[in-house]
Amino acid sequence: MTELRSFAIIDRLQKQFVSFIGSTARGYYPVAGQSAMFVEIAPGLAVNNVTDAIMKQANVRPGAMVVERTYGMLEVHADSPADVELAGQVLLDYLGLKLEDRMAPKILASEVVERVDPHMAQIINRFRNCSMSLTDETLYILEMEPAAYAGYAANEAEKAADTTLVHVTVFGATGRLYLSGASSDIHAAKQAAEAALHGITGRS
């Protein structure tokens, strides 16, 4: 049986997060202001049939599809939130599941580093996939499972505060989010990201 691990709908994609999708994914790139859906299922290969079903029945475009041995992740987007909502319903109907069958996010780690050391900033920037962390800025690191919820957390954090998106991981064993900026903005972004995750209901 296919397991629904993540299911999150984003009402309006933010500028930094949508740029991350466009620079790292190999699908049809979204633009800021569109709506999107992130889902993660297991086993990973099942995401192929799920994607096909959604494409045939909903007016959305796939921005990213990752097929791993264990998990499969899919992001789709559209100008109309109604189209994205329909894609979500197609997914649930195809799998024979309900929204409450998704997993609720579990925060594994939440750390704030004040006044980042120059050497630490340099090593973080070596693996980042977005913008750069700068010396003496405050750094926020969030890790959660399932991984696809990191995209939702990143977008909600960007809505709430003026921070720099440094790194996002939306597939794999765990999801991760790195944000950098002024201390007050980072704490506001932290609060928004974690509140967004706590607001997603589902099975433990």
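The set of residues from segment 122-141 being within 15 Å of residue 182 (Cβ to Cβ) and of a type outside the set (Phe, Trp, Tyr) comprises 131, 133, 134, 135, 136, 137, 138, 139.
Among the candidates 83, 117, 93, the residue that is free of Cβ contacts under 8 Å to residues at least 60 places away in the same chain and closer than 23 Å to residue 167 by Cβ is uniquely 117.
Please state which one of 54, 124 is surrounded by 15 or more Cβ atoms within 10 Å (Cβ to Cβ), in contact (Cβ under 8 Å) with a residue 12 or more places away in the chain and farther than 22 Å from residue 16 by Cα. Let's see the steps before the verdict.
On the way: 124 fails: farther than 22 Å from residue 16 by Cα.
Every option except 54 fails the conditions.
The lone criterion from (1) more than 22 Å from residue 33 (Cβ to Cβ); (2) touching a residue at least 12 places away in the same chain (Cβ under 8 Å); (3) surrounded by fewer than 22 Cβ atoms within 10 Å (Cβ to Cβ) left unmet by residue 196 is number (1). Within segment 12-42, the set of residues being surrounded by fewer than 17 Cβ atoms within 10 Å (Cβ to Cβ) and within 9 Å of residue 155 (Cβ to Cβ) comprises just one member, 12.
None of the figures in this text is laboratory data; all of them are computed from the coordinates on show. Owing to the predicted nature of the structure, the values given are computational and were not obtained by experimental measurement. Cβ: placed from backbone, ideal geometry, glycine included. Neighbour counts: every protein chain shown.
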